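Asks: Below is a structure I'd like to ask you about.
The values are calculated or read from the model by the stated rules, or taken from the named source; none is laboratory data. Not measured: the values here are computed from a predicted model. Cβ placement follows ideal geometry from the backbone for every residue including glycine, while neighbour counts extend to all protein chains displayed. Ligands, DNA and RNA are excluded from the accessible area calculation, which covers all protein heavy atoms including side chains. Shrake-Rupley method; radii C 1.70, N 1.55, O 1.52, S 1.80 Å.
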Amino acid sequence: MTQNSMQAVAYEVLEQGNNKNVALVWMQNPPVNALSKSVRVGLIAAIEQALSDDSVAAIVISSKQTLFSGGADISEFSGGDFEPPLPKVLDLIENASKPVIAVLNGPAFGGGLEVALSCHYRVTFAANKVGLPEVNLGILPGAGGTQRLPRLAGVAQALDMIVSGRPVAAKKLPGVFDLVVEQAESLLNEAMAFCNKVINDGAIIKRTSEVTIDPNTAPAELFTQYRQGIAKQARGFFAPERCIQAVEAAVSLPFLQGLDREGELFMECMASKEARAQQHFFFAERAASHVKDYDKTTPTRDIRKVGIIGAGTMGGGIAMNFANAGIPVTMLELKQDALDKGLALIRKNYENSAKKGKLSLAQVEERMALLGGSTSYDDLSDVDLVIEAVFEKMSVKQAVFKSLDAVCKPGAILASNTSTLDLDEIAAATTRPQDVIGLHFFSPANVMKLLEVVKGEKTSADVIKTTMMMAKKINKVAVLVGVCFGFVGNRMIESYGREANRLMLEGANPEHVDKVIYDFGMPMGPFTMGDMAGQDIGYFVRQSRQEFIKHDPSYCVIADRLVEQGRVGLKAGKGAYLYAEGSRVPIPDPAVTEIAKQEAERLGVEQRNISDQEILERIIFPLINEGALILEEGIAAKSSDIDVIYVYGYGFPVYRGGPMQYADEIGLKTVYDAMCKYRDELGEHGKNWFKPAPLLKKLAEQGKRFSDL
Ligand code: NAD
């Protein structure tokens, strides 16, 4: 055996004599075997070496890392060195004169799978997963994936993999793999036996590009139906349609022309604002965990047991996250029946998941066994973390934290799920404010990915680090924020509801406002959202915030009138809309526009026709402006953190990258100028609510972006 280590790619020859040696090409580029320049260069060198060695009869490409390859090195996306391009490497592999066998020892994604598809044979184990997730970055597989996968997996299967980006287990892809072994442990041995068989059978070369697609397997209706099927979830995205067109090209064009078409579509995607936004978001999500408040040397605390106070809507959902991660939870309520009710609801949720096939009945019982209940604080004496989710009232929260301070062991982390209250005031009820932190989960807490981690004035670095790391364990994306009313997400959403109401006062109707916002890409408009959440929720928040809003007599008056008339939303069958019995479909109600008309008359507001553009700008731009204030105040550390909060917490369209990226994309001057225009044109309302943030003004004047900060 000869060995020649080429850094990112290692090359060795397995001596078998008789000119039947096997060249082993190992990709080794930790952590995910990304196809960086060094790997591409290494692969070319290794293949060329194997081809020029007469003793070598076959070539194996594999990896000694956990992954076969995670795909392109996305850090090269922003101005990397693309030479040699991946397609050139794949050409060399596919056109090699000796059989090349990909041995997938672990998952292969994106370019990693494209490498395997360009080989002449593929071998793996049954549970291994492969996929082409490029669509999630707003692009498509640009190294032949859209042309080769349909030839091997079949058009329908490939279409779904490419457009959805979802990985698929190897055992479900018989056309792609020439050998699928049951156990991962036996892969290498069986792969070598397979390799020898290929050599002994005459070293036949099977090029994917030479496979012809039977047009009967890909009738036009297949594509039409697929387009219809994904229309709703692909709404607003640019790449899915291009992915479909690329697969259509695989069916209608010869291989090389298909590759050219794929290249054109790839470039269209790369140049799209949607790809910029999705790639921004990809990095934003990862950057959220990079915070300056701690470093590698900061210790963390063990979280082995959790207490939750309040088994209501939030407490129950939060508890499920921990049980799902195998961490035992004690839930505390003051009364046994509230506790029983909370635990019964959790069981029902798990049983519903089991009905849908997402959990086995045994798993339901395993998770329920991790959830204990108590009505005595003494049972929380040994928990490492306790999360309070009781009523949103300062006096109640402070009483809870006093009790926790008395019973919890030293070093236990005391967290509050408050949405709006001052965390420092809550912490002041304890003798250990350094251990107090906000963990703001979003509803439904077992589903929503976002966790705002709120650091108080005295929260210690190790408590911040521990909770940020714990978030990953319970499958949440954590964003660190500071203390202010509503923190980042709910503080910014305030303007959203306020402006929607005001637009109605000025003559827009709820369905018009909601349509503009839905078409922008939000999951629903503000009036539908208000009805779903309950119009009374906002009403109570307004009652407690009178000092900040009473200077504006028009502030959410329509929402106030709705609540006063019992129109609290979906749960009452009427709110900003009407709802038929048992239905969630909003029906426009002229009575609501009448309320707006009367209030406008009473307040002397002139009603008029309002354009879609004005609706959009008046609802979205103040939200961005508030984001700028939040950055100036240091409540969020970076604009991308705000984007993560908005995409994961509020359904802001990921193809716009979040509100701050959207502002960067359309230009901060556009946002600033519009804020000034509305400030000047909307009378008192403009003066009250459209003051441009100084940071927005500064960046707009300097021609800069939020992401430049
Ligand atoms: P909820 O009314 O559904 O549940 C509150 C639970 O706390 C009830 O079961 C109640 O019996 C219990 N409780 C009240 N006082 C208690 C005490 N002293 N000791 C023990 N248990 C007590 O309310 P929720 O919607 O789950 O909200 C809880 C907290 O979460 C609030 O601070 C709220 O602002 C916050 N929050 C709510 C949402 C949401 O969408 N519902 C989202 C994020 C945060």
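Asks: Taking interchain pairs and intrachain pairs at least six residues apart, which have beta carbon atoms under 7 angstrom, with the first residue in the stretch 438-458 and closer than 10 Å to A478 by Cα and the second more than 9 Å from the ligand (Cβ to nearest atom) and of a type in the set (S, T, Y)?
Replies: Pairs that qualify, where the first residue is closer than 10 Å to A478 by Cα and the partner is more than 9 Å from the ligand (Cβ to nearest atom) and of a type in the set (S, T, Y), are L439/T467; K449/Y648; L450/Y648; V453/T467.
Asks: Provide a single number: the residues in the stretch 390-446 that are farther than 21 Å from I318 by Cα, surrounded by fewer than 17 Cβ atoms within 10 Å (Cβ to Cβ) and among the hydroxyl-bearing types (S, T, Y).
Replies: 2
Asks: Please determine, by comparing only the residues of the stretch 564-612 that are open to solvent by 30 Å² or more (accessible area, probe 1.4 Å) and hydroxyl-bearing (S, T, Y), which one is nearest to F540 (Cα to Cα).
Replies: By that ranking, first place goes to T593.
Asks: May I ask you to say which residue of P523, P553 is part of a loop (DSSP other than H, G, I, E, B) and within 16 Å of the ligand (Cβ to nearest atom)? Even if it seems obvious, please write down each step before you answer.
Replies: Values: P553 fails: within 16 Å of the ligand (Cβ to nearest atom).
Just a single option satisfies the conditions, and that option is P523.
Asks: Quick test of your reading of the structure: A415 fulfils all but one of (1) in a loop (DSSP other than H, G, I, E, B); (2) under 22 Å from K305 (Cβ atoms). Name the failing condition by number.
Replies: With respect to (1) in a loop (DSSP other than H, G, I, E, B); (2) under 22 Å from K305 (Cβ atoms), A415 is out only on (1).
Asks: Please verify whether Y294 is of a type in the set (F, W, Y), without any contact (Cβ under 8 Å) to a residue 60 or more places away in the chain and either away from the ligand (no atom under 16 Å from the Cβ) or open to solvent by 10 Å² or more (accessible area, probe 1.4 Å) (or both), treating the condition exactly as stated. Before the answer, list the steps.
Replies: Details: of a type in the set (F, W, Y): yes; without any contact (Cβ under 8 Å) to a residue 60 or more places away in the chain: no; either away from the ligand (no atom under 16 Å from the Cβ) or open to solvent by 10 Å² or more (accessible area, probe 1.4 Å) (or both): yes.
Criteria not met by Y294.
Asks: Does the stretch 227-258 hold any residues that are in a helix (DSSP H, G or I), over 28 Å from Q661 (Cβ atoms) and open to solvent by 40 Å² or more (accessible area, probe 1.4 Å), and which are they?
Replies: Going through the stretch 227-258, the residues in a helix (DSSP H, G or I) turn out to be 227-230, 239-252, 255-258.
From what's left, over 28 Å from Q661 (Cβ atoms): 228-229, 247-252, 255-258.
Matches in the stretch 227-258: Q228, G229, E248, V251, S252, L256, Q257.
Asks: What number of residues within the stretch 623-666 satisfy the criterion of being of a type in the set (D, E, K, R) and closer than 17 Å to D708 by Cβ?
Replies: As a first pass, look at the stretch 623-666 and keep what is of a type in the set (D, E, K, R): 626, 632-633, 638, 641, 643, 656, 664-665.
Filter once more, keeping what is closer than 17 Å to D708 by Cβ: 632, 638, 641, 643, 664-665.
Number satisfying all stated conditions: 6.
Asks: Is the stretch 113-120 home to any residue that is assigned to a helix (DSSP H, G or I) and open to solvent by 10 Å² or more (accessible area, probe 1.4 Å)? Break it down into steps so the answer makes sense when it comes.
Replies: Initially, the stretch 113-120 is screened for residues assigned to a helix (DSSP H, G or I), giving 113-118.
Now restrict to residues that are open to solvent by 10 Å² or more (accessible area, probe 1.4 Å): none.
No: the stretch 113-120 contains no residue that is assigned to a helix (DSSP H, G or I) and open to solvent by 10 Å² or more (accessible area, probe 1.4 Å).
Asks: Enumerate the pairs (first residue in the stretch 382-393 and free of Cβ contacts under 8 Å to residues at least 24 places away in the same chain; second residue anywhere and open to solvent by 40 Å² or more (accessible area, probe 1.4 Å) and more than 8 Å from the ligand (Cβ to nearest atom)) with beta-carbon separation below 8 Å, excluding pairs fewer than 6 apart on the same chain, so at least 6 apart or on different chains.
Replies: That search, which allows pairs on different chains as well, returns nothing.
Asks: Show the residue pairs that are 6+ apart or on different chains and have beta-carbon atoms under 8 Å apart, the first residue being within the stretch 302-318 and at positive phi, the second being assigned to a loop (DSSP other than H, G, I, E, B) and within 6 Å of the ligand (Cβ to nearest atom).
Replies: Qualifying pairs under 8 Å: G310/E333; G310/A389; G310/V390; G310/F391.
Asks: Right, something else. Only one of these is within 15 Å of the ligand (Cβ to nearest atom) and within 27 Å of R301 (Cβ to Cβ): S395, S381, S374. Name it. Spell out the reasoning first.
Replies: On the way: S395 fails: within 27 Å of R301 (Cβ to Cβ); S381 fails: within 15 Å of the ligand (Cβ to nearest atom).
Going through S395, S381, S374 in turn, just one is within 15 Å of the ligand (Cβ to nearest atom) and within 27 Å of R301 (Cβ to Cβ): S374.
Asks: Within the stretch 320-352, can you find the residues that are within 11 Å of the ligand (Cβ to nearest atom) and touching a residue at least 40 places away in the same chain (Cβ under 8 Å)?
Replies: M331, L332, E333, L334, K335
Asks: Additional query: Among the residues of the stretch 73-121, which ones are under 27 Å from E185 (Cα atoms) and of a type in the set (S, T, Y)?
Replies: Once the filter is applied, which keeps residues that are under 27 Å from E185 (Cα atoms) and of a type in the set (S, T, Y), the stretch 73-121 yields S118, Y121.
Asks: Taking the stretch 447-487, which residues are open to solvent by less than 10 Å² (accessible area, probe 1.4 Å), of a type outside the set (D, E, K, R), at negative phi and within 13 Å of the ligand (Cβ to nearest atom)?
Replies: If the condition is that a residue be open to solvent by less than 10 Å² (accessible area, probe 1.4 Å), of a type outside the set (D, E, K, R), at negative phi and within 13 Å of the ligand (Cβ to nearest atom), then L450, L451, V454 are the ones that fit.
Asks: Condition first: open to solvent by 20 Å² or more (accessible area, probe 1.4 Å), of a type in the set (K, R) and within 23 Å of L90 (Cα to Cα). Can you find one or more residues in the stretch 172-191 that meet it? Outline the logic, then answer.
Replies: Kept after step one, since they are open to solvent by 20 Å² or more (accessible area, probe 1.4 Å), are these residues of the stretch 172-191: 172, 174-175, 178-180, 182-186, 188-190.
Checking which are of a type in the set (K, R) leaves us with 172.
Remaining after also requiring within 23 Å of L90 (Cα to Cα): none.
Taking every residue of the stretch 172-191 in turn, none turns out to be open to solvent by 20 Å² or more (accessible area, probe 1.4 Å), of a type in the set (K, R) and within 23 Å of L90 (Cα to Cα).
Asks: Every residue in the stretch 575-599 that is under 22 Å from E506 (Cα atoms), within 34 Å of the chain's Cα centre (by Cα) and free of Cβ contacts under 8 Å to residues at least 40 places away in the same chain, please. Show your work before the answer.
Replies: First pass over the stretch 575-599, keeping only residues under 22 Å from E506 (Cα atoms): 575-578, 586-599.
When the remaining residues are screened for being within 34 Å of the chain's Cα centre (by Cα), the result is 575-578, 586-588.
Correct list: L578, I587.
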